[in-house]
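Novice: Please see the structure below; I have some questions.
Derivation of every value follows stated rules applied to the coordinates shown; laboratory data play no part. Note that this is a predicted model, so its numbers are computed, not measured. No Cβ is skipped: glycine too gets one built from the backbone with ideal geometry, and neighbour counts run over all protein chains shown.
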């Protein structure tokens, strides 16, 4: 797996590109390449505040490699300030934007409908684990990632479980003995939880320090 930082031509907007190549399965909530399946790359692209293009999937495709299927996410947060954390063979990467954190079960109308998701920033998370997993275990890892992210935000004093446009991607090898559990008290789920918690907490603390001046 190779991680590179690139800048979109004609702009100052950066993007993080993880190039995995063949032999990987991923689960993601992203607009491009979401769901569960074989994927070869992941793109986390920074867009302008107030992003209003009506073709975000096409935009992501144009920014990604022209080979294989991939996952594409967007954020208004500065992707060059990503945070990486490791735990027992698991790697977690987070880009953290928390201008308008929200509670998942907020009352209807609680969030200003005029605040477009790309205007307020997001918490995008990419996790890489070195073991194959069943579909159910992959779904479980998404729950684990979300719980660990929420724990980190609450611990750093943000009033919310995330933002309205957060995205996640978990990548695992396609071959090998499959883990059947991905919850936070399973062997690999616990490692994922700790890595994500560390990355998001560091990112949230940095974001608060930078925006409190």
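Novice: For residue 131 and residue 8 in the same chain, what is the full-extension length gain: residue separation times 0.36 nm, less their Cα-Cα distance, in nm?
Specialist: Between residue 131 and residue 8, full extension yields 41.0 nm more.
Novice: Now for a separate question. Which length gain, in nm to one decimal place, applies between residue 103 and residue 80 when the Cα-Cα distance is subtracted from 0.36 nm times their residue separation?
Specialist: In short, 5.6 nm is gained.
Novice: Provide 7, 100, 145 in ascending order of the number of other Cβ atoms located within 10 Å of each residue's Cβ, fewest first.
Specialist: 7, 100, 145
Novice: Same structure, new question: Sort 163-171, 19-27 by the packing proxy (mean of other Cβ within 10 Å over each peptide's residues), most packed first.
Specialist: Answer by packing, highest mean first, reads 163-171, 19-27.
Novice: To the nearest 0.05, how large is the calculated FRET efficiency for residue 209 and residue 53 if R₀ is 35 Å and r is the Cβ-Cβ distance?
Specialist: 0.65
Novice: Another one. Obtain the radius of gyration and the Kirkwood radius of the chain from its C-alpha atoms and give Rg over Rh.
Specialist: 0.95
Novice: A follow-up question, please. At 7 Å along the Cα-to-beta-carbon direction for both residue 38 and residue 175, put a label point, then send me their distance in nm to one decimal.
Specialist: Label-label distance for residue 38 and residue 175, simple model: 1.2 nm.
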